[in-house]
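**Q** Provided herewith is a single structure, encoded as structure tokens, for subsequent inquiry.
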Amino acid sequence: MVVLAASIVSKNGKVLVSRQFVDMSRIRIEGLLAAFPKLIGIGKQHTYVETENVRYVYQPIEALYLLLVTNKQSNILDDLETLRLLSKLVPEYAMSLDEEGICQTAFELIFAFDEVISLGHKENVTVAQVKQYCEMESHEEKLHKLLLQNKIDETKRRMKEEASKIDQMKIEKNRGNKGGFMSSMGSGRIESSFSDMSISSGGGGGFGSGSGFGLTNDIDSFASKSKGRQPSSATAPPKGLGMKLGKNQRANQFLESLKAEGEMIVEDALPSKLSSHIAAAHQPTDPVTLTAEEKLNVTLKRDGGMSNFDVQGQLSLQILNPEDGLIQVQIETGGNPGVIFKTHPNMNKELFANENILGLRDPTRPFPTGQTGDAGVGLLKWRMQSADESMVPLTINCWPSVSGNETFVSIEYEASSMFDLRNVVISVPLPALREPPSVRQIDGEWRYDSRNSILEWSILLIDNSNRSGSMEFVVPPADSSSFFPISVRFSATSTYSELKVVNILPLKGGAPPKFSQRTQLITENYQVA
């Protein structure tokens, strides 16, 4: 069979979409399609019309016609089968079965037609396969976008840190100019060296608040705590050397050698400031933000099977402006029968049970606002427990075997198709080793933590392109129990409950405020024991 063209036309003959599969002029295809409305009959659902040169095989779709133009030598049964497949694909891609809906998704329909018909001949495909081919999901593209986003986030974090350091230096400089002789000693050095001496956190220009009384008290405190130490430790450095800030060259070389051996070196930092910068990067920007988070607790048996599976979720609400507090939240649940929902005591339980709307019992009472530094107000909690092993998103199999003076360890993972897992880290405990393990084969990256004797296997993204993977490494002879328990951590952007926020309903009238939804699944305790 040879299909000349596949088209969607209106009943008055207007061509909405047409895809030609053989070489033919525009004038000819326009003439063939213009002649079609004059040839069709009335009251038939599946039929065809023949002319001297071509055959029209068509099917009505509401106010439109799905049309195949073929040559007269083609097999009518194959034509009808092709038409039937195309009629299933059109509703999958068209927003609505009218002229506007077809025109808005014209290119998507053409791509779908190309997957069904190639050079005029029907391909042996199904609707699901066509949708999969048209989506064109690429693991490399996802990985590239994820790496790019991580770089952007890291750059933003460093920019905020540098800006904070510059501001801190300006503050210290201003205070140093007011602190008398203390400015000559270097405020940053004093703050780092004498922090254990209970010096008041005045900032940096001097001890305490910079006044004479605070200075005297702190000097007395310093003198009393310096008793019993060698006098040379309190003397000034030798002439010509000056006061050195930071690490010297020998210390840097020593740290670099430790890093080369696999040690994790943590640079000096201020944890409180760093955490505040990271938290600031995740603060909500929309007037209303809803966060659906699920925490996964799973314990798998090393020989197969599962001993614990527990999912606990919560929907939290954050409102920036007080004028947006009088609202209700309309949600949709995925219909998972194993998920048990429980509303907050202040919520209207009947409203949620009947209409899936979360609102306060007192509709005149607004939700709390301005909570940008924490998780917000909890509206709904849910829990799911199961003994079905198919619900586990990631299974780990570990096979240690001793051969001579070596232990060969093979580890493989298998991921369920329910979730795309991000930032997967599989931590395998190892016996005490003098040298790092010899990794023979791995799908992903690995790192050896010699201090804790743990081998970490990292996979940035697990999706349909890498649902399974393996790692093999060799260590000296060891008992098989020394490689357990294996800990796993990962995250995902979808959840078991499939909870979605549909709309925000303002109780005082007017347009609903703009809202955003964050959804994530994280591991709280995921082990293979």
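The values are calculated or read from the model by the stated rules, or taken from the named source; none is laboratory data. Remember, predicted model here, so these are calculated numbers, not experimental data. Surface accessibility is based on the protein's heavy atoms, side chains included, excluding ligands, DNA and RNA. Shrake-Rupley method; radii C 1.70, N 1.55, O 1.52, S 1.80 Å.
**Q** Averaging the inverse of every distinct alpha carbon separation and then flipping it gives the Kirkwood radius. What is it for the stretch 334-436, in angstrom units? Please report the intermediate quantities before stating the final value.
**A** Details: mean 1/r = 0.0518 Å⁻¹.
The Cα-based Kirkwood calculation yields 19.3 Å.
**Q** Could you tell me how far the Cα centroid of the stretch 299-362 sits from the Cα centroid of the stretch 374-440, in Å?
**A** Result: 28 Å between the Cα centres.
**Q** While we're here: Which whole-angstrom value gives the distance between the alpha carbon centres of the stretch 84-146 and the stretch 458-529?
**A** So the separation of the two Cα centres works out to 30 Å.
**Q** Under the Karplus relation 6.51 cos²θ - 1.76 cosθ + 1.60, θ = phi - 60°, what is the ordered set of whole-Hz ³J(HN,Hα) values for the stretch 447-459, x standing for Gly and Pro?
**A** 8, 10, 9, 5, 5, 9, 6, 10, 9, 9, 9, 10, 10
**Q** Near Lys170, which aspartates and glutamates are there with a Cα under 18 Å away, not counting those fewer than 8 places off in the same chain?
**A** Leaving aside aspartates and glutamates fewer than 8 places away in the same chain, those within reach of Lys170 are Glu161, Glu162, Glu191.
**Q** If you rank Tyr526, Tyr65 by how much accessible surface each has, with a 1.4 Å probe, what is the order from largest down? Walk me through the intermediate numbers first.
**A** Working: Tyr526 5, Tyr65 25 Å².
The ordering from most to least exposed comes out as Tyr65, Tyr526.
**Q** Just to check I understand the Karplus step: with θ = phi - 60° and J = 6.51 cos²θ - 1.76 cosθ + 1.60, what whole-Hz values come out for the stretch 144-153, glycine and proline as x?
**A** 5, 5, 5, 5, 5, 5, 4, 5, 5, 4
**Q** Using amide H atoms built 1.01 Å from N in the peptide plane, name the residues 5+ places from Glu123, or on other chains, whose amide H lies under 5 Å from its own.
**A** Answer set, sorted by chain and number: Ile117, Ser118.
**Q** Please give every one of the aspartates and glutamates within straight-line cross-link reach of Lys295, meaning a C-alpha to C-alpha distance under 12 Å, and leave out same-chain neighbours fewer than 8 residues apart.
**A** Counting by Cα, and skipping residues close in sequence, Lys295 has these aspartates and glutamates nearby: Asp310, Glu524.
**Q** So, one more: Long-range amide H contacts for Ser386: which residues qualify at under 5 Å (H placed 1.01 Å from N, peptide plane, sequence gap of 5 or more or a different chain)?
**A** Phe309
**Q** Hey, another quick one. Just how much of Thr364 is accessible, in Å², when a 1.4 Å probe is used and the result is rounded to the nearest 10?
**A** Surface accessible to solvent at Thr364 totals approximately 110 Å².
**Q** Given the pairs Lys88/Lys514; Lys349/Lys508; Lys156/Lys500; Lys145/Lys165, which span a C-alpha to C-alpha distance of over 28 angstrom in this model?
**A** Working: Lys88/Lys514 36 Å; Lys349/Lys508 21 Å; Lys156/Lys500 30 Å; Lys145/Lys165 30 Å.
Where the Cα-Cα span goes over 28 Å, the pairs concerned are Lys88/Lys514; Lys156/Lys500; Lys145/Lys165.
**Q** What are the ³J(HN,Hα) values, in whole Hz, obtained from phi via the Karplus relation 6.51 cos²θ - 1.76 cosθ + 1.60 with θ = phi - 60°, for each residue of the stretch 407-421 in sequence order, with x given for Gly and Pro?
**A** Result, ordered by residue: 10, 8, 10, 10, 10, 9, 10, 9, 9, 6, 7, 5, 10, 9, 8 Hz.
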